[in-house]
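Take a look at the structure set out below.
The values are calculated or read from the model by the stated rules, or taken from the named source; none is laboratory data. Being a predicted model, the structure only gives us computed values, none of them experimental. Counting neighbours? That spans all protein chains shown, and the Cβs are built from the backbone with ideal geometry, glycine included.
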Amino acid sequence: NDKYITLNDGRKIPQLALGTWNNVDSENTVNSVYEAIKIGYRHIDTAAIYKNEEEVGRGIKKAIDEGIVKREDLFVTTKLWGTQQRMSQQAIKQSLARLGLDYVDLYLIHWPVALKSRTIDPSDPKNYLTIPMKPDEPDVRDIDINWTFVDTYLTLQHLQREGLTKSIGVSNFSINNLKNLFKHPLFKVKPAVNQVEVHPLFPQDELIEFCKSEGIVIEAYSPLGASDSPILKNETLIEIAKKLNIDVAQVCISWALQRGYVVLPKSSKVDRIRRNFENLVELSDEDFKVVSDLKEKYGEKRFVEPDFTPFKVFE
Ligand code: A2P
């Protein structure tokens with residue numbers, strides 16, 4: 001799949017990307033990224049908190065060194081973690097050093113909440129970030145209430161002007177978060193994208209409609225419903241996949257591409273990385289509708305930290 005979408009800043013973004021969240025095995029990450037580029041992926045999505053920027057960078061370097069691709073033909077995204085919202089310039093420079101790049105194509109505020117960096121884990125060999133809490137132990141005391149995502153966004157506008165990132169955007173922002181951002185007198189550059197969870201059981205129609213009306217491109221993370229996904233076991237999707245002689249994952253990715261946004265499937269297995277990119281189909285109107293209506297039948301289901309209290313605060 002070699003389709004591109006034009007962002008509101010005029011740059012082009014490859015519609016299908018390799019997601020890298022939870023790719024825990026270092027060498028596997030290097031190889032996944034390298035193989036993905038060989039297969040034809042031109043868009044790689046990572047984040048400081050994934051702790052794999054070095055490996056992602058090594059995979060990219062290997063592909064560039066072998067002449068498979070040029071830097072300017074790749075689209076690389078990384079993200080600012082909450083504990084570094086007060087120091088985005090330092091954070092992006094650290095990310096670039098780990099990635100081995102002089103710029104990223106897209107830099108995102110990972111979540112719309114600044115976090116305090118009070119809990120540092122000294123036993124962590126990769127302690128370049130301070131992780132405030134485990135997702136299952138939310139603690140509102142970790143929120144930095146004297147600093148908002150709006151303050152952070154204003155600093156991202158500078159990072160873009162400095163050329164450290166070509167485009168800027170946000171992630172996990174609600175309609176309210178975006179409206180609050182737009183209200184600030186120093187707000188100038190619309191986010192190019194809003195990266196959020198979207199899949200057939202969490203189609204986010206309202207947010208997608210709002211972002212479209214504002215010229216903000218949606219990027220769908222966990223498009224297969226993340227790990228251990230009930231989506232991949234969903235009987236209705238299996239039926240469609242069988243009929244079309246493709247995987248359920250391919251049904252989900254095709255559906256997302258047809259809805260017109262960027263989609264970021266993640267896999268650490270080369271054959272799946274390949275299948276997620278190749279042989280995607282155009283769903284018939286009927287199949288498209290069945291997938292779009294899946295949540296009516298099975299109920300809406302969100303997979304990524306739906307009750308992560310600190311991140312809900314600014315809602
Ligand atoms: P793995 O890395 O072992 O391939 P999401 O992109 O929604 O976050 O979900 C990705 C999850 O789905 C990962 O756990 C990934 O596991 C798995 N996955 C990715 N592609 C496929 C595929 N084509 N078929 C089955 N499972 C897949």
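Descriptive notes on the structure:
- Filtered by the rule that a residue be hydrophobic (A, V, I, L, M, F, W, C) and in contact with a Leu (Cβ under 6 Å, 6 or more places away or on another chain), the range 1-47 gives I13, A17, A36, I44.
- Where a residue in the range 220-233 is of a type in the set (V, I, T) and its partner, wherever it lies, is modelled with pLDDT of 85 or more and part of a loop (DSSP other than H, G, I, E, B), with Cβ under 7 Å and at least six apart: I231/P200; I231/L201; I231/L224; I231/G225
- Within the range 209-220, if we keep just the residues that are within 13 Å of the chain's Cα centre (by Cα) and of a type in the set (V, I, T), the residue that is nearest to the ligand (Cβ to nearest atom) turns out to be I218.
- Annotation: of all residues in the range 234-250 being in a helix (DSSP H, G or I) and polar (S, T, N, Q), the one that is farthest from the ligand (Cβ to nearest atom) is T236.
- Subset tally (residues that are in a loop (DSSP other than H, G, I, E, B) and under 17 Å from the mean Cα position of the chain (by Cα)) for the range 36-79: 7
- Candidates I246, I253, filtered to the one that is among the β-branched types (V, I, T) and in contact (Cβ under 8 Å) with a residue 40 or more places away in the chain: I253
- Single residue of the range 302-315 satisfying the filter (in contact with a strand residue (DSSP E or B) (Cβ under 6 Å, 6 or more places away or on another chain) and within 15 Å of the ligand (Cβ to nearest atom)) that is modelled with the highest pLDDT: R302
- Members of the range 21-38 found to be surrounded by 15 or more Cβ atoms within 10 Å (Cβ to Cβ) and more than 10 Å from the ligand (Cβ to nearest atom), listed by number: T29, V30, N31, V33, Y34, E35, A36, I37, K38
- Filtered residues of the range 230-260 (kept if within 15 Å of Y298 (Cβ to Cβ) and charged (D, E, K, R)): K233, E235, E239
- Condition met for P223 (near the ligand (Cβ under 8 Å from one of its atoms) and not small (G, A, S)): yes
- If you go through the range 40-75 and keep only what is under 30 Å from T148 (Cβ atoms) and either of a type in the set (S, T, Y) or in contact with a helix residue (DSSP H, G or I) (Cβ under 7 Å, 6 or more places away or on another chain) (or both), you end up with I44, T46, A48, Y50, N52, E53, V56.
- A Cβ distance below 6 Å, combined with a sequence gap of six or more or placement on separate chains, defines the contacts here; from the range 259-272, residues that are touching a residue at least 60 places away in the same chain (Cβ under 8 Å) reach residues that are near the ligand (Cβ under 6 Å from one of its atoms) and not small (G, A, S) in the pairs V263/P223; P265/P223; P265/L224; P265/N276.
- Any chance I253 is hydrophobic (A, V, I, L, M, F, W, C), under 12 Å from L201 (Cα atoms) and near the ligand (Cβ under 9 Å from one of its atoms): no
- Complete set of residues in the range 261-301 that are more than 9 Å from the ligand (Cβ to nearest atom), loosely packed, with under 14 Cβ neighbours inside 10 Å and within 26 Å of T20 (Cα to Cα): E278, E282, E300
- Among the residues of the range 1-35, the one identified as assigned to a helix (DSSP H, G or I) and among the aromatic types (F, W, Y) is Y34.
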